[in-house]
Amino acid sequence: EEIPKLDRIGETIERIVAGNPDEVFLIEGHTDAVGTEAANMNLSIERAEAVKQALTEFFNIPPEALETVGRGELYLKIPTEAAEAENRRVSVRRITPLLARN
């Protein structure tokens, strides 16, 4: 069920990077609050890396256009300690303007 969403994201990033090769996007992995903080941080990193791998493998997106970070359980969409599917997610943000400030 997530494949259509990934396709839309991949096609959009691919189009943007084709027009401006200096664009950079941040892929953030998130988890729910079940499990230890350390385990959730590792899981969130793996989740973000898996999305990056899919985007670079199936779309014409260079790896240097994508940065990844794990957020673990820090930013719960639904504030609960219980298992919550909506908290297990990946978000993608364009960070090119942030990088230009440095």
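Please treat every number below as a calculation from the coordinates, not as lab data. Being a predicted model, the structure only gives us computed values, none of them experimental. Here the Cβ positions follow ideal geometry from the backbone for every residue, glycine too, while neighbour counts run over all protein chains shown.
Of Pro97, Ala48, Tyr75, which is farthest on the positive side of the dipole of the chain, counting Cα position, with +1 on Lys and Arg Cβ, -1 on Asp and Glu Cβ, and the Cα centre as origin? Going by the Cα projections, it comes out as Pro97. In nm, to one decimal, how far is the Thr96 label point from the Lys5 one, both placed 7 Å along Cα→Cβ? About 2.5 nm, to one decimal. Beta bridges from DSSP with both residues in the chain: antiparallel share about 45 percent, rounded to the nearest 5. The angle separating the long axis of helix 3-19 from the principal Cα axis of greatest extent in the chain is about 40 degrees. Got a sec to turn the phi values of the range 74-79 into Karplus ³J(HN,Hα) couplings, 6.51 cos²θ - 1.76 cosθ + 1.60 with θ = phi - 60°, whole Hz, x for Gly and Pro? Karplus values, whole Hz, x for Gly and Pro: 5, 10, 5, 6, 10, x. For Phe25, nonlocal amide neighbours, meaning residues 5 or more places apart or on other chains whose placed amide H falls under 5 Å from its own, are Leu66, Glu67, Ile95. Once the chain from Asn42 to Ala83 is taken as fully extended at 0.36 nm per residue, the excess over their C-alpha distance is 13.1 nm.
Taking Cα atoms only, the orientation of helix 37-58 departs from the longest principal axis of the chain by about 30 degrees. Taken about its Cα centre, the chain carries a charge dipole of about 320 debye when Lys and Arg each add +1 at the Cβ and Asp and Glu each add -1 at the Cβ.
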